[in-house]
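Here's the structure we're looking at; comments come further down.
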Amino acid sequence: MTTLHTPRLTLRPITADDTAALVAMFSDPELGRHHAGDLTDPDEIVALVRRRLDYRGPDGTGDWIFERDGEMVGIGHLRTSTELPGGVLECGWHLARAHWGSGFAEEAARAIVGHAHHTLGAPAVFALVHEQNPRGRRFVERLGFVAVGSGDHYGAVHDVLVSLPEPGGVHHVELWVSDLASAEKSLGWLLTELGWREYQRWPRGVSWRYGASYVVVEDSPDRRGDRHERTRPGLNHLALHVPTGEDLDRIVAAAPEHGWRLMFADKHPHAGGPKHLAGYLENDDGFELELVVAQLTL
């Protein structure tokens, strides 16, 4: 896990040494009022810490201790949900009552959700809020979560809320090519296979869009030279998401028919490292694309 920082807090991974401080914090019954277990029971906290330390999920997920000048002020998590289907990420947090109204909870929660969206690339983060916890629901709604339903979770009815990433990141990428028809044959085929859809077309160019981002391919009249050279300063390659390993295998197998060759074939599909599932392709015009299987689905 990664240590996170806010203007006033440090969020560090939980350790067994935090047990005593957590027992003291949760001795306040208000903190566990909507929890299925009795968190004022020290044995319950010991078991909770053990479960947290035994968690094995995607890299970058788990439990954080919130510290202010070395003092524990709360705890939060981002974990694969055991209550919601599909391997989605669920978040939650507790703040010591002495610090309610300080803004610490919002700082920590925004750091966790931002880490999920912008560092891990999670397309959605879920929160489950007990139906009798309107204060908790107002809090997550202030963070930007939107209610999508309710259900029986953790032994009681909970509202289900989801956070989606705000628009941002790459708006578009423009590639200049010397042969538009050839680029459409290779790049257009590959982008379409990955779920991109044609977005714009004009006499000397075409673009494909996926979500808020798009890729432009253009034979500009201002172009100089006839071939892209990825080893020179400038664009080296594009890296795009592939939903599953099966999709990667299918695309790599069909790629040679559409003007692509597999790079680093002796190391495929782990040319980027043992934990990195990807394929590297280069087309006849010298453009390289890296096709990455999303890490959160591994």
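Every number here is computed from the coordinates shown, using simple stated rules; none is lab data. If you're wondering where the values come from, they're calculated on a predicted model, not measured in any experiment. Positions of Cβ are backbone-derived with ideal geometry, glycine not excepted, and every protein chain shown enters the neighbour counts.
If the Kirkwood radius is taken over C-alpha pairs of the range 1-65, then at 10 °C and 1.306 mPa s the Stokes-Einstein diffusion coefficient equals 124 µm²/s. Across all directions, the average flat footprint of the convex hull enclosing the Cα atoms of the range 4-163 is 8.7 nm².
So, R0 is 25 Å and r is the distance between the beta-carbons of D266 and R197; what FRET efficiency does that work out to, to 0.05? Working from the Cβ atoms, E equals 0.10. Along each principal axis, taking the top coordinate minus the bottom one, the Cα set of the chain gives 71, 39, 38 Å in descending order. Calculated on the alpha-carbon coordinates, the convex hull of the range 172-297 measures out at 112 cubic angstrom per residue.
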